[in-house]
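Below is one structure, written out as structure tokens; comments come after it.
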Amino acid sequence: MAKEENLMIDEQDKPLSLVMFSGTDDKLTAAAVLAVGAATMGRPVNLFLQYYALDAFRAGKVNADHALSPEATAAQAPVIRGHKGQHWSDLLRQAKEVGEVNIQACALSMDMFGIGREDLDPIVDGIEGVAAFIASASDGQVVFI
């Protein structure tokens, strides 16, 4: 087997861990697309929700308008808003259906914002601290969004 093929096989077992900091719709969509792709390829996926991303996962707020990143120009915004792709929450549900996807809220962010488990959308699997997230990331890739 070629060295590149061995590397691909080795990487496939390693988790893709996404630290979600931003809560804008464009960045949440980008993360959800990565999660679906990795889950479809058989890679475990961990999402760790901090700060503004955590706010987007509150019960009753998932489908609200979470604006776009400041990087989106006036010309780009209508293109992004007009895209007929699936909503980021639907993509995450799809990822959970096809693979091992674990969505955890950051315990510290929960405490800072005074959010309880009952305040979160059911798509969130639980609450964990940074140490638990780092352990679940193991030696896989960590992406900060």
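Some values worked out for this structure:
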{"quantity": "Hits in region 127-142 (condition: in contact (Cβ under 8 Å) with a residue 12 or more places away in the chain, small (Gly, Ala, Ser) and surrounded by fewer than 17 Cβ atoms within 10 Å (Cβ to Cβ))", "calculated": "GLY129, ALA132, SER136, SER138"}
{"quantity": "Residue list for region 26-79, filter: β-branched (Val, Ile, Thr) and either farther than 26 Å from ILE134 by Cα or in contact with a strand residue (DSSP E or B) (Cβ under 6 Å, 6 or more places away or on another chain) (or both)", "calculated": "VAL45, THR73, VAL79"}
{"quantity": "Matching residues in region 62-120 - criterion: being loosely packed, with under 11 Cβ neighbours inside 10 Å and either in contact with a Phe, Trp or Tyr (Cβ under 9 Å, 6 or more places away or on another chain) or at positive phi (or both)", "calculated": "GLY114"}
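None of the figures in this text is laboratory data; all of them are computed from the coordinates on show. This is a predicted model, so every value here is computed, not measured. Here the Cβ is made from the backbone with ideal geometry for all residues, glycine too, and neighbour counts use every protein chain on show.
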